Amino acid sequence: MSEDTIFHRILRREIPADIVYEDDEVFAFRDIAPQAPVHVLFVPKESVRTLDAMQSSQSHLVGKLAYAAAEFARKEGFADDGYRVVINCNAHGGQTVFQLHLHLLAGAPLGRFGT
Ligand code: 5GP
């Protein structure tokens, strides 16, 4: 990660976070302002500013984020109840941290999408 966001600082352990998963390409930690009983962010270690900025050579990372989230859901025992994964992109998507990340939301029935 050459760019610097709050997520890069979490990866470097410069600021605390509840890290729940890490491998060679991906790490995950609980969101500081959870929008559901379970709210975990899955982030690639490589710098990718947005989904839109992702290069073809980096596209496998989205699969890794999704697979790690699905594995987490299975291990935590809520996969059968269900969950939602979301990637926000740029301003209208509501992205506030400009390092690609996938939200995993679970633990209760979730509302439908809205504006
Ligand atoms: P975005 O809005 O970019 O899709 O999501 C960014 C997420 O990062 C938000 O849900 C926000 O609560 C979370 N977040 C921002 N700063 C921190 C932090 O310092 N620690 C943790 N754990 N989450 C953060």
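The values are calculated or read from the model by the stated rules, or taken from the named source; none is laboratory data. Every value quoted in this text rests on a predicted model; they were computed, and no experiment measured them. Backbone-built Cβ (ideal geometry, glycine too); neighbour counts: all protein chains shown.
Miscellaneous remarks
- Among residues of segment 36-67 being among the small types (Gly, Ala, Ser) and surrounded by 17 or more Cβ atoms within 10 Å (Cβ to Cβ), the one that is nearest to ILE6 (Cα to Cα) is SER47.
- Those residues of segment 79-115 which are free of Cβ contacts under 8 Å to residues at least 60 places away in the same chain and either outside any loop (DSSP other than H, G, I, E, B) or closer than 11 Å to VAL40 by Cβ (or both), in sequence order: TYR83, ARG84, VAL85, VAL86, ASN90, ALA91, HIS92, GLY93
- Hits in segment 1-31 (condition: modelled with pLDDT under 95 and either buried (at least 16 other Cβ atoms within 10 Å of the Cβ) or of a type outside the set (S, T, N, Q) (or both)): MET1, GLU3, ASP4
- Failed item, numbered, when PHE78 is tested on (1) away from the ligand (no atom under 14 Å from the Cβ); (2) exposed (fewer than 13 other Cβ atoms within 10 Å of the Cβ); (3) over 13 Å from the mean Cα position of the chain (by Cα): (2)
- Test: residue in segment 55-74 that is on the phi < 0 side of the Ramachandran plot, more than 13 Å from the chain's Cα centre (by Cα) and within 11 Å of the ligand (Cβ to nearest atom): no
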